[in-house]
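I have placed the structure first, in the form of structure tokens, so that the comments after it can refer back to it.
No lab work stands behind these numbers, since they all come straight from the coordinates. Predicted, not measured: the structure shown is a model, and the values here were computed from it. Quick reminder, even Gly has a Cβ in these numbers, built from the backbone with ideal geometry, and neighbours come from all protein chains shown.
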Amino acid sequence: MNKEKIVIIGANSFQNPLILKAKEKGYETHVFAWESGDIGEKTADYFYPISITEKEKILEECKKIKPVAVASIASDLAVITVNYLAKELGLVGNDPKYSTICTNKYEMRKAFEKHGVNVPKFIEVSKGQKPDLSTITFPVIVKPTDRSGSRGVTKVERKEDIEKAINNAIEYSFESKAIIEEFIEGNEYSCECISYNGKNHFLTITKKYTTGSPNFIETAHMQPSDLTDEEIEIVKKEIFKGLEALKIKNGPSHSEFKIDKNKNVKIIEIGARMGGDCIGSDLVKISTGYDFVDLTLDVALGKELKLEKVSVPQIAFIKFIFSKKDLDKLNYIKENHSDLIYRISEISDLEHDIVDSSTRFGYYILKVKDKKQLKELELI
């Protein structure tokens, strides 16, 4: 009996849970990505060494494959291709004409402003252009318009340091542009949601821990967060407004935000995808009991969402390895609290500099009953 086929865009470790979930549910997986030895190249039933940006070439292969769904879970670049393929193949996705605003920070903020979403002040600057800083108050954050994973991100305290930060961001940008935005004091969070046919479902909020200024590379994530029920309701209202502004009607979303000292929610950005760093693929399931990967697959297949818990919710915590001290803490946990360990990644040598999230040495995920255990381990 021939299996129904699913096309998955991307093959790295963050996409692999989707490949494995599709296979577990009995589908034949056809995976597209630039050939680089990623795990999905091996776990896929069929792997095609075509870059995820070459959407027309992928479409030609899809016409032969005849998939029942096309999906991706943790890549901004893949969003563009997924929506293009879904439209051309008559499958579930989001309107491709809105893909740019979901993957470009400047276009996104313009859409947010138009729809009354609360965002930091911002301006765009192109390579070689001198920015007009008259509307911006320092400190600011400078970042590429079209990258993620803390790449090219710098906090700038003084006007005289802005040029270096802009040039750094532009070096990382695919379109050679940077965005300068007002820096908002406060803790960083993200909101994880799933949508189907324009109906949004809140799943949880993640508290983020970072290296702080100047690059804000994420060091850990925790779910659920430390926000009150009242604060969560305020967040949901603003996030749902943002999803409407970006026309995200189907699939997962990962919304990054801050809450300032006056309890105002400021949306930093929203991705029409799961959060990376195992936020969507692992932490949501641990902390809510909902299988986020399975829900994402159901949306791509055009199935009505059924929010049913598949496990008992616990506290989910992911810690990234930055130093020997972090590695020593992991070894201590392995020796004394091994029952808390959900997964440990491959850990590289500690011999290179960490400049963004892609250069961290590895991570481990813990599943605990209460936050007191994390405090006792001096993790929060």
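Here is how the numbers come out for the structure above:
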| quantity | calculated |
| --- | --- |
| Label-point separation, ASP45 to ASP95 (7 Å along Cα→Cβ), nm | 3.4 |
| Difference of contour (0.36 nm per residue) and Cα-Cα distance, GLU376 to ASN197 | 60.1 nm |
| Sequence-distant aspartates and glutamates (8 or more away, or on other chains) whose Cα lies within less than 16 Å of LYS261 | GLU182, GLU185, GLU188, ASP226, GLU230, GLU231 |
| Within the chain, helix-based [θ] at 222 nm, where runs of 4 or more DSSP H residues each add -39,500 (n - 2.57), nearest 500 | -8500 deg cm²/dmol |
| Kirkwood-type radius of the stretch 5-91, with distances r between different C-alpha atoms, in Å | 12.3 |
| Positive minus negative residues near VAL70 (Lys, Arg vs Asp, Glu; Cβ under 13 Å) | +2 |
| Neighbourhood charge, 14 Å Cβ-Cβ cut-off, centred on GLY40 and excluding it, Lys, Arg +1 and Asp, Glu -1 | -1 |
| Residues of the stretch 195-230 with amide N under 18 Å of the 7 Å Cα→Cβ point at LYS325 | 209-221 |
| Extended-chain gain in nm, criterion 0.36 nm per residue less alpha-carbon gap, SER176 and SER311 | 44.1 nm |
| Two-site label geometry, THR228 and ASN262: point separation in nm, points 7 Å out along Cα→Cβ | 1.9 |
| Taking SER51, SER281, SER72, SER195 and counting other C-beta atoms within 10 Å, the order from fewest to most | SER51, SER195, SER281, SER72 |
| For ARG158, ARG360, order by how many other beta-carbon atoms lie within 10 Å, fewest first | ARG158, ARG360 |
| Charge sum, other residues only, whose C-beta stays under 14 Å from ASP298's C-beta, Lys/Arg counted +1 and Asp/Glu -1 | -1 |
| Extension reserve of the LYS110-LYS247 stretch, reckoned as 0.36 nm per residue once the Cα distance is removed | 48.0 nm |
| Per DSSP, loop trypsin sites (Lys or Arg not before Pro) in the stretch 1-73 with at most 14 further Cβ within 10 Å | LYS3, LYS25 |
